[in-house]
Structures are given as C-alpha cells and as structure tokens.
C-alpha cells in the first residue's frame, strides 16, 4: 500500500531557559487510508510531531513527507492536502459556526459556491445545523470540537491530523466524535491521531506507535501491543500494605508481567481475565487473604507504559514505584488513585 | 510521452505571481472581514472606538477646557485634532490584544497549516483596524461639530488631515502587532501597550501647548510622532503653515512602517 505519511529520524529541540528535546529521532510510516495512532503521555512529543507534519514548525533534523511532498521544501503543497484539528479547538469564538467554516473554506481557496454548500453539509453532518448561526461562545465543549473538526474537513483533505481530538470531553461527546472519525475513515481519509487514551487508540487506530520522551518505544497493531502486555488488568485492593505484599507474591504466576504494588492495591496484567481471576481468588483463599476489592479492567495508557518502560506516565518524580519481585518493597504512598485521569 | 515532461512555457511565471497576489488580497480580505465581524460582537471593543472618544471630548472641553487658554484658538478647535490622534492611537491596542488572543487560542496555528498567504494574517488584522479607524474618525467628526468644532481650512484640506491620521494609525497598528506577537498572552499584551501609549499621547501637543510643559519634556513632546501628526492636522484643519509638520508626520509614519512591518512579519514567522 502506498504511504501517506513518512517520517525519518525527526529531531526537534526547543530552546529557552530549559532546553527540551521534544523529538529525538522519531520515525514512522502511515499507509494510505488507515488510521495511525500516536499514543503517549503529555510532553512525549506527539504534538510536536503533528506540528512538524502540518508545516507549523520546522524540524531540526530528519525528513517528513506527506503524500510524497516534503513538509519543509513543499510546505504549501502539503498545506493544500491536509486538515488539522487540534486539542485547543482553534475556532473563533466571536464568529458563528457557519462563519468559522466559511472562513477556513475561503482560506483554503475553494470557490465561493463550494464554500457555502460545504458549510451547510458539514454543519448538518456534525449535528450543528441548528447552532449554525449562533456565535461559538455559546457552544459546549463537544460542539466546539465538532466544529473544529468540521472546519478541518472543509477542503476534503486526503490526510487529516487530529491532535488529541477528545481530550477533556465528556464520555457522550467523546463517543459522538469517535463515530464521526470512523465515518471519515470509511470514506478513505488517512488519519494521524494523537491521544493519551489507550481506549481511543484501540477503537480508532489500525496501527499504533507509543511515544515516550521523543522516541517511538513500541509500534504495531493494537492487538499485538496488547498481546505484549496482557489484555486485562486484575486489580486487587487489600486491607493493609503487608497483605498487599503477600498478595503480590501469590499472584506472581498469573500473568506475563510481575504484579505491581501501589499502596494497598496490587495490579497484574494477564492474558485471560476470568481464568486469572479464578486462580487468583483460589490462591488468596488458600492463604486466608481477604481482599477489599477485586476487579478486572481494560488496561490504560498507564499500564501500557508501565509494561513498556517500567515507569508510570506521570512519574518523573515517582521513582519509588518499582515492579515488585518476590521480596518486593516497591511501595508508594497511596495518595493517588490508580490510573487516575484515564477513561474507563 | 515526452510531451508530458516538457517544462511549462515561460509565460507561466508572471501568471503565478499574479495568482499569488490575487490570493494574498483575497486572504487578507477574509481575515479582515473576520476581524471586523469579531469587533462588532465584542461590546468592549466597540465601546473603545465609539464611546471613549466622546467621553474624552466632553471631559477636555467642559472639565479641563476652562483652565486651558490657547492664544489664537478656541479650545474646541485646538483640542479636536488631538482627540483624533489620541483615539486612533489608543485603538491600536486592539491589534496587540487581538493577535495575542489568536495565538493563545490556537487560531494562528490553524492559519499556519492552511494554504493561505503567509502575510494575510497580519495584513488582514491591520486592514480591519484601518476600517475601524475610519468609523472612529467619522464619529469624532460628528461629535466635534456638535460641540462647536469649526474646521476652517476647507474640505480638501480636512480630508488630507484625516488621511494623515489614518496613515499614522496604520503604522502604529504594525507596532502593536509586534507587541501582540511577542507577548505570552493578551493580558500581558495590554499591560505592555498602555505604558507605551500614555507618554506618546499625553506628553504631546494633543491637549495642551508644548511650551506649557516642563523644559526637559519639551524636546520629546514637540518632535514625537503623535505631536507632529497632531500639529500637522491642526494646520490642515484650521489653517496655518502646513508643509513642515505634514512632511515630518509623513516621515514618522513611513519610517515606522518601514521598520515595524518587517519586524512584525519576522515575529510572526519565528513565533513557535
């Protein structure tokens, strides 16, 4: 299949008081007509990659091509073939929904008549027809994102960049937006999506790259990535830190990864959830350990990270959190709920 | 099949240039239109360009006016050219606030990823400001006539004075565009803008004769751009020797444009 996006050893450093290596040799390939997910925590380099690919900033080193056009040398050609919707919902609050789309249409140099029909079409398609003539100030967060996406699509771009399209949205709006994005892919648009949510990447993307500190640390289909780290997380809450340590030892044989103790909570990623749950419960029962909670859940980005790097996503300071061995003492004060901030 | 590889005829070059120019103008108008639409929906911005000059006129004429005596002028006539220049100067703060807001909200990012003319974001914004200033000078002219402003030098000369003011305001817009593009957010843009404007508008010949100011201030107050433009307008609107002041004002405006336009464009290109 031909490549819509090719990125080779991209590097970018931001100067200033604290120099930041935002990208440290990122390479990736996106096939035409597919959704590619860039998954990573804040500051991992996702947005910088998108800004380079959309010609907003220039890389320090490396090459990036969109539909065979170099993003630096043929920037204007690239711009006429792409759409960008960002996490900050870049729409003008003082204009109406319709005026926003028309403005972007005119700036895309579409004929006046096309601009007007496209605006009506898109507002309809995104459920904004009734709000079309209201200023964006009166829109909800979900409506703004939809309008932002609609504006990005006005020129029917063959390649679409979505930078954290659903960050900060409520579950209903997120679901609505996912459906819209799935619809686009059905029409053959190539999408590069950045996200912090494993669930989002899993649902939308056919290929994933996990980025961390400006590097791609893992790449593959959602299925292969999940297989690498176990498909389900078994989470057991215990009454004390001591019983948690005991439990971690008892659950050691369950999964491909060693159990992780986080305060009084033990987490272990497993391949077969129900089977692991039954084995685990039997083993706890045999040693007279009574858990306070016992849950199976989908892994979050946090879990992926832990599996790939041994670190949590927001762990720059939380060095105490280590995967626990048999005599594991990797205990962190339970001041933070496990997986906080991730959608379930 | 070799025909396909034939390079395009030379005549394509000027055509492409013409095309770029056409899109540049079209994009500038799109951005200008959007900026003007925005203004009409922000009551504060409209207040600044309409009610504020009226209040200044009333304040100076009825509160301070009684204590200020200008030989050879009625105070209303002396004051009005100053009010024109002060109002358009204050209005140019909108340029810095607006651009800082666009940066903050990610609109500039969106513009940069569009196949639009690079120059249109700044050109459109300053064009919109120019349109707003046209409205402002019309309002001030009307208010002036109501409170007794009687320009005596004729319509042609009056229009020349107005054009001089609009040109000066346009140059200032580019200066405030530089501030807007350099400030981290719109609040800071506003905070930086006013301390620059106050000495320019008040340590000037706009409201009082310069020879009433302390000696150390007189040099600055005579030759700074606001004073020079006010003096040129006074001469054009009320009569008197015009050439020196008009030339000085033109020199300031053209000079400021020559320095500030490339500076603003540079800030726009390099701001990440």
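Any read-out appearing in this document is the output of simple, stated calculations on the displayed coordinates, not a laboratory observation. If you're wondering where the values come from, they're calculated on a predicted model, not measured in any experiment. Reconstructed Cβ throughout: ideal geometry from the backbone, glycine too, with neighbour counts over all protein chains shown.
Where the centroid of each part is defined by its Cα atoms, how far is segment A:1-22 from segment B:149-163 in Å?
That distance is 58 Å.
Please provide three numbers in whole Å: the alpha-carbon extents of the protein assembly as shown along the principal axes, with the largest listed first.
Principal extents (largest minus smallest coordinate, Cα): 108, 72, 46 Å.
Starting from the 7 Å offset along Cα-to-Cβ, what nm value, one decimal, do you get for the label separation of residue B:163 and residue A:295?
Those two pseudo-labels are separated by 7.4 nm.
Looking at segment A:3-226 only, what percent of DSSP beta bridges run antiparallel? Nearest 5 please.
Around 55 percent antiparallel, to the nearest 5.
At a temperature of 20 °C and a viscosity of 1.002 mPa s, determine how fast segment A:22-124 diffuses translationally according to Stokes-Einstein, using the Kirkwood radius over alpha-carbon pairs as Rh; express D in µm²/s, rounded to the nearest whole number.
136
Can you pull the mean other chain C-beta count within 10 Å for peptide B:111-123?
Neighbouring Cβ atoms belonging to other protein chains average 6 per residue here.
So what's Rg/Rh here for segment A:3-226, counting alpha carbon atoms and using the Kirkwood radius for Rh?
0.96
Before rounding to the nearest 500, sum -39500 (n - 2.57) across all DSSP H runs of length at least 4 in chain A and divide by the residue total; then give [θ] at 222 nm in deg cm²/dmol.
-10000 deg cm²/dmol
Determine the relative contact order of chain A: mean sequence separation of Cα pairs under 8 Å and six or more apart, normalised by residue count, in whole percent.
Contact order relative to length: 17 percent.
Rounded to the nearest 5, what is the percent of antiparallel bridges among the DSSP beta bridges in the protein assembly as shown?
65
Within a 10 angstrom radius of each residue's Cβ in B:34-41, how many Cβ atoms of other chains show up on average? Whole number is fine.
4
Within 10 Å of each residue's Cβ, count the other Cβ atoms and sort A:148, A:70 from fewest upward.
A:70, A:148
Rounded to the nearest 500, what is the 222 nm mean residue ellipticity of chain B from helices alone, with -39500 (n - 2.57) per DSSP H run of 4+ residues and division by all residues?
That calculation yields -26000 deg cm²/dmol at 222 nm.
Would you mind ranking A:200, A:235 by Cβ crowding within 10 Å, fewest neighbours first?
By the 10 Å Cβ count, ascending, the order reads A:235, A:200.
Find how many whole Å separate the alpha carbon centroid of segment A:229-259 from the alpha carbon centroid of segment B:45-87.
Their Cα centres are 78 Å away from one another.
Taking Cα pairs under 8 Å and at least six residues apart, what relative contact order does chain B come out at, in percent?
Rounded, it is 25 percent for chain B.
Give me the log10 of I(q) over I(0) for chain B at q = 0.07, 0.16 Å⁻¹, as the Debye formula computes it from C-alpha points; what are the numbers?
Treating every Cα as an identical point scatterer, log10 I(q)/I(0) equals -0.30, -1.21.
Going by how many other Cβ atoms sit within 10 Å of their own, how do A:308, B:166, B:18 line up, fewest first?
Fewest-to-most ranking of A:308, B:166, B:18: B:18, A:308, B:166.
What's the center-to-center distance, using Cα atoms, between segment A:45-107 and segment A:126-171 in Å?
Here the two parts' Cα centres lie 15 Å apart.
First check a/c for segment B:196-272, with a ≥ b ≥ c the square roots of the eigenvalues of its C-alpha gyration tensor; if it is under 1.5, answer rounded, and if not, answer prolate when a/b is larger than b/c or oblate otherwise.
Here segment B:196-272 falls in the oblate category.
Given R₀ = 30 Å, FRET efficiency for residue A:80-residue A:8 by Cβ-Cβ distance, to 0.05?
E between residue A:80 and residue A:8, to the nearest 0.05, is 0.85.
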